[in-house]
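I have placed the structure first, in the form of structure tokens, so that the comments after it can refer back to it.
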Amino acid sequence: AVQLVDAGTQAQLWITSYKPDSTNLEEIDDDVVSRVSHALLGAGADQPRHDHSARARREGAHGEYLAGKVALRRRTPEGVAEAIRYFESAVRLDSTHVDALGRLATALALQLSYGYRTTMGSYPTAARALALAQRAVELEPSGGEPIGFRAYIEYLTYAPLDLVKIDFERAIALHPTEADVAGWHALLLLREGRVAQSLEEARRAIELDPVSSARHLTYALAALGARRYDLAALEARRASETEPELRRPRQVEGLALLMQNRA
């Protein structure tokens, strides 16, 4: 039984009953919203019902996006695949959800970066990731995160260096506290041979997100490039402790030990 009561007078404005089952819950929801809207706003009040449906989709999309963010932090094959499913669901519910588009692009790119096997080839995956990141930038051209997502995919796909640098610099200027972007920027600096700057940027990324396995792994990679093998082994171990099922940190730790003649 559902009723609408005037809060001031306790007068009953509308009442009805429903018999819900697994097939009609959405219809009942729409009917309640429509009837309440008509009771409050008059017979021509169709818009609140549409607004309610749109809001429900947006809220559902954001819930899926948040679940995807949690899964993506694991960086394991299962975690990344789960994150992709959540982000794809969010985008289906709300095709303008900038964060879901950008994180979906990132998750696809991470599958390439970590070398995970997928049902889609590397080049189509990269193309899809770049298109999603570009869509996020178009929806939010002044947002630091979308530009950072695009910069990371450009970095992975060996886009012209000047283009990648411009995107990273814009992303950091607009959103200096985004740990992922700082970490990815450290990798670009390492590719450029700017080892000291790469170490500093990787350290800054850890300060922004100290419990991220990805950020400790990036610091380990920067330390490898700087030939600071003790630090590389330590940070790789920290990444493994944060996410024990992640394989890549063990590879980096093995390299660091090998470079110390600790075969």
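The values are calculated or read from the model by the stated rules, or taken from the named source; none is laboratory data. Small disclaimer: the values here were computed from a predicted structure and weren't measured. Because the Cβ atoms are built from the backbone with ideal geometry, glycine has one as well, and the counts that use them run over all protein chains shown. Calculation scope for accessible area: heavy atoms of the full protein, side chains included, ligands and nucleic acids excluded. Shrake-Rupley method; radii C 1.70, N 1.55, O 1.52, S 1.80 Å.
Quick check on segment 236-256. Is at least one of its residues in contact (Cβ under 8 Å) with a residue 24 or more places away in the chain, charged (D, E, K, R) and either on the phi > 0 side of the Ramachandran plot or touching a Pro at 6+ places or on another chain (Cβ under 7 Å) (or both)? Checked against the condition, which is being in contact (Cβ under 8 Å) with a residue 24 or more places away in the chain, charged (D, E, K, R) and either on the phi > 0 side of the Ramachandran plot or touching a Pro at 6+ places or on another chain (Cβ under 7 Å) (or both), segment 236-256 yields no hits at all. Of all residues in segment 167-199, those being within 22 Å of the chain's Cα centre (by Cα) and not acidic (D, E) number 18. Of all residues in segment 190-219, those being touching a residue at least 24 places away in the same chain (Cβ under 8 Å) and farther than 25 Å from E245 by Cβ number 7. Scanning segment 164-195 for residues that are among the acidic types (D, E) and part of a helix (DSSP H, G or I) yields D167, E169, D180. Filtered by the rule that a residue be of a type in the set (D, E, K, R) and open to solvent by less than 50 Å² (accessible area, probe 1.4 Å), segment 1-30 gives a lone residue, D30.
Residues being open to solvent by 40 Å² or more (accessible area, probe 1.4 Å) and outside any loop (DSSP other than H, G, I, E, B): count how many of those fall in segment 226-256.
Looking only at that region, the number is 11.
Remark: pairs (first residue in segment 28-40, over 9 Å from W14 (Cβ atoms) and in a helix (DSSP H, G or I); second residue among the hydroxyl-bearing types (S, T, Y) and at pLDDT below 80; Cβ separation under 8 Å; 6+ apart in sequence or on different chains) = D30/S53.
Here is the figure for segment 140-174: residues that are open to solvent by 60 Å² or more (accessible area, probe 1.4 Å), in contact (Cβ under 8 Å) with a residue 24 or more places away in the chain and either farther than 17 Å from L190 by Cα or of a type in the set (G, A, S) (or both) total 5.
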